[in-house]
Amino acid sequence: MKKLFLFFLAAAWLATSSGQRITLPEAISLALKNSFSIQIGKNNVDIAGINNYYGIAGGLPLVVLSGSDIEQITSLRQTYANPANNKSSDYASSNTLSAGLNGSELLYNGQRVVTVKKRLGEIESQTKQQLSSRALTVVYNVMLKYYDITRQQSYAKTLQISIDASRQKLEIVKEQQNVGMANNADLFQAQVDLNTQIQNLQAQQLIVDQDKTDLLTLLTLNPDSAITIDDTIYVDKNIKLGNVLEGITTNPDLVAANEQITINHYIEKETAALRYPSLSLSGGYNISRTQNAAGFSLLNENYGPYTGISVIIPLFNGNIYKRQLQIAGINTKNAALQKDTLLLNYTANAIKSWQAYQNNLQQLETAVQTFDLSKKLLDLVIQRFQLHQATIVDVKNAQQSFESAGFALINISYAAKAGEIQLERYANNLRY
């Protein structure tokens with residue numbers, strides 16, 4: 001794809017602390033690898049995958065093994081019509097042993113199990129889209145910060161070129177003063193101008209260093225690491241609004257919002273299924289043994305298998321299920337409204353971003369011409385100053401024009417690039 005290559009300044013790179021050069025693809029790879037947000041998103045996907053299971057939906061048999069052994073001491077008093085049968089015992093021991101293996105299988109409950117399983121699958125898919133959205137946000141933030149560092153470095157380079165001009169101006173004034181053609185006022189003014197610009201450069205370098213710290217934080221690296229960032233910006237001039245608007249529907253936020261509608265629809269069906277009969281098959285084997293040291297019954301044992309079918313038919317529960325179903329339906333409508341709102345906002349923001357992007361591209365051509373002219377003007381005024389055809393004020397004005405033109409070019413270029421990145425983010429098509 002045809003791209004506009006912008007290389008703002010032809011001067012040598014401003015001397016900075018040495019460090020490892022990090023390209024934009026490398027920065028994005030590090031961010032995606034180290035981001036805590038991405039790791040949390042991956043964990044959420046794992047959780048949703050674990051939950052997406054028929055057992056969680058209630059579709060697998062339930063098997064329970066239970067048992068108990070209770071030993072107790074009791075005092076016994078039993079009186080009968082026949083006094084010969086009367087019993088009396090103090091501190092008689094008694095033992096009750098029971099065990100059972102029980103199983104049950106749900107046969108029918110209004111397709112609720114099937115619906116829950118589908119909902120769990122949809123939730124897993126939604127968490128994957130949410131992970132993609134997190135990744136998209138991480139890439140977007142890294143790209144903006146990376147190019148912002150480029151912008152701030154370009155500011156510094158513009159100031160450095162202006163400082164070089166100030167040093168040249170100061171040398172010219174000194175040479176003119178040596179031959180009696182300049183006074184101390186010009187010398188002091190030239191030195192003050194140079195000192196002021198050096199201070200501006202030092203302040204700008206602080207902004208660059210802090211921006212790099214912000215980038216390292218996004219990459220989850222040591223914030224005081226020394227890094228070097230590329231000082232070029234490529235702006236794609238061929239982005240079409242129609243392509244962006246078509247791509248919005250594939251944005252993971254929109255896809256996740258659409259999946260939320262499906263999830264809520266399944267919740268509706270699950271709620272409706274609560275009003276249907278529930279049919280279960282159960283079976284097992286039970287053992288019970290009670291042994292008493294005294295009393296009418298000294299030993300009682302029961303054991304054997306069992307099986308059965310149970311049916312639960314909901315008749316009336318205060319219209320709770322009916323109201324829950326109404327609420328579920330409203331939640332589905334709300335999910336659809338939220339998705340429509342998100343689509344509307346993304347579309348409107350994409351259009352505004354494209355308008356700003358187009359405007360910046362138009363300004364960019366003029367800004368490049370203005371910057372070239374201001375550089376030529378600065379060189380010309382310095383030559384005229386050396387020949388006594390321009391004053392020190394003329395040089396200062398030319399420097400200010402050059403700095404303003406340089407800053408404007410850098411800002412417009414960054415704004416165009418930021419607009420491009422934003423448009424590609426909306427269309428789920430970030431390229432780097």
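No lab work stands behind these numbers, since they all come straight from the coordinates. Model, not experiment: these values are computed from the prediction. Quick reminder, even Gly has a Cβ in these numbers, built from the backbone with ideal geometry, and neighbours come from all protein chains shown.
Observations on the structure shown:
- Neighbourhood charge, 15 Å Cβ-Cβ cut-off, centred on GLN168 and excluding it, Lys, Arg +1 and Asp, Glu -1: -1
- The length gained by stretching the chain between THR347 and ASN397 to full extension, at 0.36 nm per residue less their Cα-Cα distance, is 13.5 nm.
- Cross-linked pairs LYS169/LYS375; LYS42/LYS352; LYS339/LYS417: Cα-Cα separations exceed 23 Å for LYS42/LYS352; LYS339/LYS417.
- Here the spin labels are modelled as points 7 Å beyond Cα on the Cα-Cβ line, and at SER37 and SER93 they lie 6.9 nm apart.
- Shape category assigned to the chain from the gyration tensor of Cα positions, a/c cut at 1.5: prolate
- Simple Cβ-charge dipole of the chain, Lys/Arg +1 and Asp/Glu -1, about Cα centre, in debye nearest 20: 1100
- The chain: DSSP helices with Cα axial extent of at least 27 Å and average Kyte-Doolittle hydropathy no lower than -1.0: 112-178, 184-218, 252-273, 320-386, 392-426
- Cα gyration tensor category, rounded, prolate or oblate, for segment 39-153 with a/c compared to 1.5: prolate
- Eligible lysines near LYS212 by straight Cα distance, threshold 17 Å, same-chain separation 8 or greater: LYS145, LYS157
- Distance (nanometres) between label positions extended 7 Å along Cα→Cβ at ASP340 and ASP230: 4.4
- Charge-dipole axis of segment 212-286 as Lys and Arg at +1 and Asp and Glu at -1 on Cβ define it, positive-most pick from ILE267, LEU216, LEU245: ILE267
- Two-site label geometry, THR366 and TYR108: point separation in nm, points 7 Å out along Cα→Cβ: 7.7
- Qualifying aspartates and glutamates (Cα of each under 18 Å from Cα of LYS376; at least 8 residues distant if same chain): ASP164, GLU365, ASP394, GLU403
- Neighbourhood net charge (12 Å Cβ-Cβ; Lys/Arg +1, Asp/Glu -1) for ASP148: +2
- Dipole of the chain, positive direction: furthest Cα of LEU32, ALA57, ILE207, with charges on the beta-carbon: ALA57
- Paramagnetic reach from GLN20 (point 7 Å along Cα→Cβ, amide N under 20 Å) across segment 222-239: 222-231
- Within segment 334-432, trypsin sites (Lys or Arg not before Pro) in DSSP loop having at most 16 other beta-carbon neighbours inside 10 Å: ARG431
- Charge tally around ALA272: other residues with Cβ under 10 Å, Lys/Arg +1 each, Asp/Glu -1 each, net +2.
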